[in-house]
Each structure stands twice: as structure tokens, then as C-alpha cells.
1. In region 133-143, what residues are in contact (Cβ under 8 Å) with a residue 60 or more places away in the chain and not in a loop (DSSP other than H, G, I, E, B)?
2. Within region 309-324, track down each residue that is more than 14 Å from residue 150 (Cβ to Cβ) and polar (S, T, N, Q).
3. For residue 146, are the conditions met, namely being away from the ligand (no atom under 16 Å from the Cβ), without any contact (Cβ under 8 Å) to a residue 12 or more places away in the chain and assigned to a helix (DSSP H, G or I)?
4. Would you mind stating whether residue 130 is open to solvent by 10 Å² or more (accessible area, probe 1.4 Å) and in contact (Cβ under 8 Å) with a residue 24 or more places away in the chain?
5. Does region 409-431 contain any residue that is farther than 21 Å from residue 240 by Cα and either in contact with an Asp or Glu (Cβ under 7 Å, 6 or more places away or on another chain) or surrounded by fewer than 17 Cβ atoms within 10 Å (Cβ to Cβ) (or both)?
6. Among the residues of region 100-117 satisfying the criterion of being in contact with a helix residue (DSSP H, G or I) (Cβ under 9 Å, 6 or more places away or on another chain) and more than 21 Å from residue 266 (Cα to Cα), which is most open to solvent (accessible area, probe 1.4 Å)?
7. Is region 343-365 home to any residue that is farther than 24 Å from residue 432 by Cβ and within 20 Å of the chain's Cα centre (by Cα)?
8. What number of residues within region 315-336 are surrounded by 21 or more Cβ atoms within 10 Å (Cβ to Cβ) and either among the charged types (D, E, K, R) or touching an Asp or Glu at 6+ places or on another chain (Cβ under 6 Å) (or both)?
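The values are calculated or read from the model by the stated rules, or taken from the named source; none is laboratory data. Computed from a prediction, not measured in an experiment: that's the story for all the values here. When we count neighbours, we look across all protein chains shown, and the Cβ atoms used for this are built from the backbone with ideal geometry, even at glycine. The protein model used for the area step is the full one, side chains on, heavy atoms only, and it has no ligands, DNA or RNA in it. Shrake-Rupley method; radii C 1.70, N 1.55, O 1.52, S 1.80 Å.
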Amino acid sequence: MWRGAAAARLLRGRGSGNAGTPRPASGAAAAQLRQRLERELDEIRGAGTWKSERIIASRQGPHLRLAGGGAGACGAAGNALPRLLPVRSPCFSLSLPAGIINFCANNYLGLSSHPEVIRAAVEALEKFGAGLSSVRFICGTQSIHKDLEEKIARFHQREDAILYASCFDANAGIFEALLTPEDAVLSDELNHASIIDGIRLCKANKYRYKHMDMQDLEAKLQDAQKHRMRLVATDGAFSMDGDIAPLKEICQLAHKYNALVFIDECHATGFLGPNGRGTDELLGVMDKVTIINSTLGKALGGAAGGYTTGPKPLIDLLRQRSRPYLFSNSLPPAVVGCASKALDLLMESNAIAQSMAAKTQRFRSKMTAAGFTISGKDHPICPVMLGDARLAAVMAEDMLNRGIYVIGFSYPVVPKGKARIRVQISAVHSDEDIDRCVEAFTEVGRKHGALP
Ligand code: PLP
């Protein structure tokens, strides 16, 4: 019981007006740490790789309101952008167009703000509460978690599935649980950071093959024959280039050299392939890929969460051994509700995915006709290749001034000399949104010399 004087003191303290005032730690060690951190932060700024966050004052969607007009530098690493125009309103810069069209979220199917997805979240919240205050195996598994796992497995036509707080966690948890020093993992050099980190955590023998280079993969597979088991790990679709892994060839090599195939489908689940099952469906190798990791935080409602789906004994083993699963809180019911409804919508019809594909095609063909080079093929990630880092940064800013929110990427996020503006198409963009984006690119490209 925390009654009496102690409780009164605590409550007085809360109401004293000091709440929220930072109280920096004292002492020489804390001061040294502060100095070291400030130096490191200055180095990041100096290198031009500082990442700022624009604050959105509305729901995620094709049209946004930005809080404070987003004063400050924009976007991703390498975007050493000049400051934006002055802010004149607390929640929106009058210097910027009133409606920002958003082309930089992974909201491929527009489900992040779909009314049925939101309603499902509210219902799950009301019925199952805010959260479990527990990890899954102690006191944290509800019927909705099991239902969603079953639904994910059904969606991918796999035996079972296991939920994680994120796909980053799913990637962090799988390699260590599955592979031992007797085994080998062969990873595409441009795989996502979470795959790289997951592989770092495991004790298997590590091979890094050149990006989508099948000759190099074959050479590495030959070398890896000396190990007990081989696992080829690749992103299904690569998020910086919008290119798709040659899964057919990878699976053929895996078959030849007795290897398993793992794919990360974060940028494919829900929309690639005739039924949106992903890269394996698109390339006709659903029965050849053994393990899929993916996210619930992009096309599948966009809330959060990740999963592994594959053979039942693997999923059973992950429940026993995978550390991010064992030692992290269960997915909140509202998040489970969102993903579950998103999957229902996708299993009912692929109309949303088709709409996204048509808009992707519209954007890619109009931009190409305007004279731009768009990397990748048929993927809603449409990198507008510009080469020069400064050009990408300045053009992205000028696009925002015209009400088009896109992000420039440059070294070290992408290779030197390959700077680009990444555009991401969503099913909920209208044709007019796409056309406005192309028009703005054309104007801005001419102004800055990217187009003749
Ligand atoms: N894998 C890939 C290819 C990604 O793009 C991302 C997210 O950026 C992740 C994994 C991590 O997904 P999550 O946001 O669910 O942690």
C-alpha cells in the first residue's frame, strides 16, 4: 500500500509545476558523456547525413497537413537541405501549399487510414484492452494473436506464423535461432539493415554476395558446400532501388546446392503478384521459398508489427528460442486488429492492389516520357535517378514548395553518384495526384537542370 505521507509527497511533487522540467544528471561522467555525444552529433551534421523528422499533423494518407510547415531540413540521410520557408502558423506553414500530397510513405495500399481498419482497431482496443503487460509465453497471448497468426499463414499459404513487435525484430530473431556454427548464411550485399544485424547476431559462417549477382551467389554456394546447411537470405524487393530479387534463379541455385531460401517481403506483401502474396507469387516460386519475414507496418494497415511464416517446426522453434519474441511485449490488440482487417480486405479482393499497380504504371510511364530515369520495374517504389546529391536535395525541397512531399537520398544511404528522389505510389493517390507530381517534377527538373 502506498498510502500516507509517501503517497502525498509523490502526488504533491507531480502537481508542483516542476513536472517535465529536465534535470540533467550531475557528475563528471555525465558531463564527459554529454561532450562526447555533442561532438558525435556535430560530426553527423558536418558529414551532411543528419536526418530530420517532419511532423505530420493529420492522419497518414495521400494528403497531409504538416505541423509547423516542417521548418528545418528535410528527410533522409544525405539531405543537407537548406532551411524551408518561414513558419507562420502553429500547425501549418502558410508558405507551403495547403494540401501536401504525400509520396514518401510505405502506405502502398492506403490502408493506414482505411475506415474499416480503424474501426477494427477501435473494436479490438475496446474488447481486448490497451495491451498485455506481458510477453507472449508468460501472460500475453490472446485469441486475436492466434487468429492473426493463422490468417498470415493462410495468406502466404504456409504452415504457421509467429508475430513480433516489428519485422526488425523478426529479422533480429530468426538467424540466431536457426543457424549454428556448422551452418552458412549467404546474404545479398544490399539487404536491409535488420537482416544484416540479424545475421551479425548468429554464429553461422557468413557470405555476402554481390547485389542480385547470380554468378557470385553460385560461387559462394559452392564454397559453402562444406557447411551442414545453407540459407540464402534476400529482400524480395529492395527499398532503395525498387528492384526485385531474381527469386526464380535464386531458387534454382538453392535447389542445385541444397540450400534454403529466406525472403524479407516488407516491400512486397499485400501487393506484388496476382493476389498480392508477394515476390514469391509474382515469380512463381511460392513452393520454393522456405521462410518469409514481413511487416504489418507498411501495406498491411501500417500500424506496426512483423512476422515469420514458414514450416511449423521452425515457428515452434522460434517460439522457444527467438529472443525478440521471448523477451518483448506482445503486440497490442489495436495493432493486431488493424493487420487482421487489412488481411481480410486483401483476401476478399485484389482490387486495391490493382489500383496501386495502375497508378504506379501511370507515374513510371509519364515520368519516363518526361525524360526522367526511374529505377526498378513495375514497383511502387519509383526512384527518380538524379546522380548529384545536392540536386536531389534541392529538387526535393522545391517539390515540397509545390505541395509534393518526396524525399531525396544520397550517400551513404545509396552509393556515391547515385543520388535520387524516391517516390512511393499508393492505391489512394488519385490520377490527378500522380499527374500533379509529374508536372511538379518536370517544372523543378527544368529549373534545376535535371531536364533539358
Ligand atoms: N525489412 C525491410 C526490407 C524494411 O524496409 C523494413 C522497414 O523499413 C524492415 C525490415 C523493418 O520493418 P519494421 O518497420 O516492421 O520493423
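1. Residues satisfying the conditions are 135, 136, 137.
2. Residues satisfying the conditions are 320, 322.
3. Values: away from the ligand (no atom under 16 Å from the Cβ): yes; without any contact (Cβ under 8 Å) to a residue 12 or more places away in the chain: yes; assigned to a helix (DSSP H, G or I): yes.
Taking the combined requirement at face value, the residue satisfies it.
4. Values: open to solvent by 10 Å² or more (accessible area, probe 1.4 Å): yes; in contact (Cβ under 8 Å) with a residue 24 or more places away in the chain: yes.
It is true that residue 130 is open to solvent by 10 Å² or more (accessible area, probe 1.4 Å) and in contact (Cβ under 8 Å) with a residue 24 or more places away in the chain.
5. Yes, region 409-431 has at least one match.
6. Among those residues, the one meeting the criterion is 116.
7. yes
8. 2
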